[in-house]
Amino acid sequence: MKCLYLISLIVALFKAQEHSKGCDSYRQYNIDYYGKLISHLRLSNTSDIILANNRLLIIDNELSVLSSLPIPKINSSLCEWIFNQSPGLIFVGCQSNGEAPYLIAYKIINNTHLTQFGDIVYFPLNETVNDIKGTLNTLFTIQSEKLTFFKLIMTLTDWTIQTTQYVLDRDYFDFWMYNELQIMDLEFETYWLDNIQYYKLIIVEYQSGAYWVDTIVENNILSPIRFGQIYLKCCNLKATIHSTTQNESFITFTKGNGGYPFYINIKYEIITWILLEFDSPTFDWIASSKLKQIGNVQGIMYRNSKNKQSVLWLYNVVLPQPQNQIESLQTDQQNQTQALKAYPRIDTLTSPPQDYSIFYFSSEFTVVHSIEDNKLQSCDLYNYKIQME
């Protein structure tokens, strides 16, 4: 019966896509030359970077390739991470099984071209990691049991990575569980106080919910100064920070194993939960991305853990604003929960099984998603009454 339901769900999802409007445009890329499409990074209002197995592609809003350049690889390493480190600098992260990860730096020449900067640089550790992120002159390696800070040293012609004293593990958080930490995600956002720059880190932990860490910026280096726990009573979450100050944050958490996203207002240490009751897939479907948005249109990509099929569900949601709904709901009772109306999906975009799934909103009011390992499709959003703040 479960298999019959799953087959029926897949058929229904494909039929829903057939009736979606504005999804006629797609682009196929030479898989032998570029490799499979892996990830995406926004470059400008008119161009995006696609990380593929063999090359970095810069594409325009019509999905045409403006330029590309090869990704140097060592042995059988896999390059799955791409992120903006600072204005004008992009990193691609790679790793082989059982070996330390390394980074390749690219400088942005303009909206259509990149150039490699310096040599490949390994992290000074002898362990594999789950993810790599960074900002300013700080890099983070994310492992299940710890988050480690590294220092980025830049010169005019080269760069390198140095260790720091900061390792956020069970000892740092005074973790009370018998098991080890299970860090699932890291998100961060900057804020200013008295002309001093800070970053708020949200570290999602599988068993206990999440931790917040305030870091101060000195010489473009982040140093942790205090932390606290966000008691979510959920597991396997992905976080999206909408805004933050020292004393208040607005965050959406997406449950990784299906289930509803929820939007919370944190006035440390008072929390108001705003439940966004989206309908969502069940059984073997897991959220493969954080909630992304353009105006009031929200999107969440789900993947079937067994057959690698992807489905992108779109919703029309105006998130509560600090000055109205959330403040009126706020009480002195910690973990106060307020349920809002349920939000049905407004569209369903599906794709056959593929090794990786890409989706993003462009500045042209379109959503782009991968429909095969080497195909991207663009769909108009004009029918959804987008409200831009």
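Among residues of region 157-185 that are part of a strand (DSSP E or B) and surrounded by 15 or more Cβ atoms within 10 Å (Cβ to Cβ), those with a Cβ under 9 angstrom from a residue that is modelled with pLDDT under 85 and charged (D, E, K, R), sequence gap 6+ or separate chain, pair up as 184/238; 185/238; 185/290. Within region 210-228, being under 21 Å from the mean Cα position of the chain (by Cα) and surrounded by fewer than 21 Cβ atoms within 10 Å (Cβ to Cβ) holds for 212, 214.
Hey, could you check region 186-209 for residues that are among the charged types (D, E, K, R) and closer than 17 Å to residue 138 by Cα and say which is surrounded by the most Cβ atoms within 10 Å (Cβ to Cβ)? Filtering region 186-209 for residues that are among the charged types (D, E, K, R) and closer than 17 Å to residue 138 by Cα, the one surrounded by the most Cβ atoms within 10 Å (Cβ to Cβ) comes out as 200.
One residue is enough: does region 10-25 have a residue meeting the conditions at pLDDT 50 or above, within 30 Å of residue 112 (Cβ to Cβ) and part of a strand (DSSP E or B)? Walk me through it before giving the result.
First, the residues of region 10-25 that are at pLDDT 50 or above: 21-25.
Retained after the next criterion (residues that are within 30 Å of residue 112 (Cβ to Cβ)): 22-25.
The next check asks that each one be part of a strand (DSSP E or B); those that pass are 25.
So far as region 10-25 goes, yes, one or more of its residues are at pLDDT 50 or above, within 30 Å of residue 112 (Cβ to Cβ) and part of a strand (DSSP E or B).
Take the conditions (1) under 20 Å from residue 367 (Cα atoms); (2) in a loop (DSSP other than H, G, I, E, B); residue 66 misses just one of them, which is (2). Restricting region 203-215 to residues that are under 11 Å from residue 183 (Cβ atoms) and either not in a loop (DSSP other than H, G, I, E, B) or not polar (S, T, N, Q) (or both), the residue that is modelled with the lowest pLDDT is 206. Scanning region 83-110 for residues that are surrounded by 17 or more Cβ atoms within 10 Å (Cβ to Cβ), small (Gly, Ala, Ser) and either in contact (Cβ under 8 Å) with a residue 40 or more places away in the chain or not in a strand (DSSP E or B) (or both) yields one hit, 105. Annotation: of all residues in region 69-78 being assigned to a strand (DSSP E or B) and more than 21 Å from the chain's Cα centre (by Cα), the one that is nearest to residue 113 (Cα to Cα) is 69. Can we say residue 62 is closer than 24 Å to residue 368 by Cα, modelled with pLDDT under 95, among the acidic types (Asp, Glu) and touching a Ser or Thr at 6+ places or on another chain (Cβ under 8 Å)? Taking the combined requirement at face value, the residue satisfies it.
The values are calculated or read from the model by the stated rules, or taken from the named source; none is laboratory data. These figures come from a predicted structure and were not determined experimentally. So basically every Cβ, Gly included, is an ideal-geometry build from the backbone, and we count neighbours across all protein chains shown.
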